[in-house]
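A.B. asks: Here it is, the structure in full.
The values are calculated or read from the model by the stated rules, or taken from the named source; none is laboratory data. Just so it is clear, the structure is predicted and the values come from calculations on it, not from any experiment. Neighbour counts run over all protein chains shown; Cβ positions are idealised from the backbone, glycine included.
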């Protein structure tokens, strides 16, 4: 049987990188052999893939950026010639050949016009990426998204662009790691410790989290924040930045923390929120749809993007942490219903 082609070249950072890793590890044993193209800088992620998945590493800086039109043309030509039994695109965009082609979409930035930039970097679309993305929407045989909210946004976006979509199905993922597999690895730095698994993407609003913690700490010196990312000038003693760490380390820090702090202005699902729920952690979150979809009434929300609002939410969490923890555990039991394992995604992609 002809092989399956999996395009993961655009899954370079943050949640997209983790999604690609979990999906390739979970490729079905009874599925056809597969060729998967992944970023060379993340080759260590793919040591545990099944034997019938051949991983090809390419430079994202060279092929994924400067030579992308040539790569996409090659994928298109292979699709037109029937070289592969199915093409599964995990990178959000590409010159879609149609036919047995699945688009797995997990970057809502493409559905927000205000996110356009001159150069499409760090998950953001430029004009060329959006052109390719529209081709996928027009010609993909299957479109799979991570939440009903994203499905609704995609349908509205396609209608505004005059694009007729294939049926859009929702496959809500489970967390990336189970709580029992995540022991604490380090002592706590603060009596009441928040953790933010952030990145340097602008929409993560890391400095909003830092300023909010600083204000809360001034009123309750027990409070501090552990946050991923590079050290920044001006951080007070209540902030500890731990650099860019592996997912396993981030999960361990979340296990150690008393609560999650998450200030991102934009998420497709919010995998760290799923993981925090799995660990029964209270969470201070923006009053945005993605956060309420997961935490619902169990979250402690700030309504506006000000350090004062964040600090007030932090202090509310600390003041009633036992109730917040109980609410998070109760909410987790509700959220797992209907969610799909990473192995289960492949059936939605057109593979048994």
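A.B. asks: Touching a helix residue (DSSP H, G or I) at 6+ places or on another chain (Cβ under 7 Å), modelled with pLDDT under 90 and buried (at least 17 other Cβ atoms within 10 Å of the Cβ), is that true of residue 110? I'd like the intermediate steps shown before the answer.
C.D. replies: Details: touching a helix residue (DSSP H, G or I) at 6+ places or on another chain (Cβ under 7 Å): yes; modelled with pLDDT under 90: yes; buried (at least 17 other Cβ atoms within 10 Å of the Cβ): yes.
Yes, satisfied.
A.B. asks: Can you say whether residue 186 is surrounded by fewer than 16 Cβ atoms within 10 Å (Cβ to Cβ) and assigned to a strand (DSSP E or B), as far as the supplied structure shows?
C.D. replies: Working: surrounded by fewer than 16 Cβ atoms within 10 Å (Cβ to Cβ): yes; assigned to a strand (DSSP E or B): no.
No: the conditions fail for residue 186.
A.B. asks: Sticking with this one: Can you tell me which residue within region 146-171, out of those that are touching a residue at least 60 places away in the same chain (Cβ under 8 Å) and under 16 Å from residue 109 (Cα atoms), is surrounded by the most Cβ atoms within 10 Å (Cβ to Cβ)?
C.D. replies: Ranking the candidates gives 146 first.
A.B. asks: If you take the residues of region 330-352 that are surrounded by 15 or more Cβ atoms within 10 Å (Cβ to Cβ) and free of Cβ contacts under 8 Å to residues at least 60 places away in the same chain, which of them is farthest from residue 173 (Cα to Cα)?
C.D. replies: Ranking the qualifying residues of region 330-352, first place goes to 331.
A.B. asks: What about residue 309, is it in the same structural domain as residue 219 (by TED's automatic domain parsing), surrounded by 13 or more Cβ atoms within 10 Å (Cβ to Cβ) and in contact with a strand residue (DSSP E or B) (Cβ under 7 Å, 6 or more places away or on another chain)? First the steps, then the outcome.
C.D. replies: Details: in the same structural domain as residue 219 (by TED's automatic domain parsing): yes; surrounded by 13 or more Cβ atoms within 10 Å (Cβ to Cβ): yes; in contact with a strand residue (DSSP E or B) (Cβ under 7 Å, 6 or more places away or on another chain): yes.
Against the criterion (in the same structural domain as residue 219 (by TED's automatic domain parsing), surrounded by 13 or more Cβ atoms within 10 Å (Cβ to Cβ) and in contact with a strand residue (DSSP E or B) (Cβ under 7 Å, 6 or more places away or on another chain)), residue 309 qualifies.
A.B. asks: Given 225, 277, which one is in contact with a helix residue (DSSP H, G or I) (Cβ under 6 Å, 6 or more places away or on another chain), more than 20 Å from residue 307 (Cβ to Cβ) and surrounded by 17 or more Cβ atoms within 10 Å (Cβ to Cβ)? Please lay out each step first, then the result.
C.D. replies: Numbers: 225 fails: more than 20 Å from residue 307 (Cβ to Cβ).
Going through 225, 277 in turn, the sole match is 277.
A.B. asks: Of all residues in region 254-266 being under 18 Å from the mean Cα position of the chain (by Cα) and crowded, with 22+ Cβ neighbours inside 10 Å, which is nearest to residue 239 (Cα to Cα)?
C.D. replies: If we take residues in region 254-266 being under 18 Å from the mean Cα position of the chain (by Cα) and crowded, with 22+ Cβ neighbours inside 10 Å, then 261 is nearest to residue 239 (Cα to Cα).
A.B. asks: Could I ask something else about it? Please find, among 75, 83, 53, 88, the residue that is surrounded by fewer than 18 Cβ atoms within 10 Å (Cβ to Cβ) and in the same structural domain as residue 140 (by TED's automatic domain parsing).
C.D. replies: 83
A.B. asks: Is there any pair with a first residue in region 198-224 that is more than 19 Å from residue 258 (Cα to Cα) and a second that is assigned to a strand (DSSP E or B) whose Cβ atoms are under 8 Å apart and which are 6 or more apart or on different chains, and what are they?
C.D. replies: Pairs found: 199/229; 200/229.
A.B. asks: Answer yes or no: is there a residue in region 57-64 that is in contact with a strand residue (DSSP E or B) (Cβ under 9 Å, 6 or more places away or on another chain) and in a strand (DSSP E or B).
C.D. replies: Among the residues of region 57-64, at least one is in contact with a strand residue (DSSP E or B) (Cβ under 9 Å, 6 or more places away or on another chain) and in a strand (DSSP E or B), which makes the answer yes.
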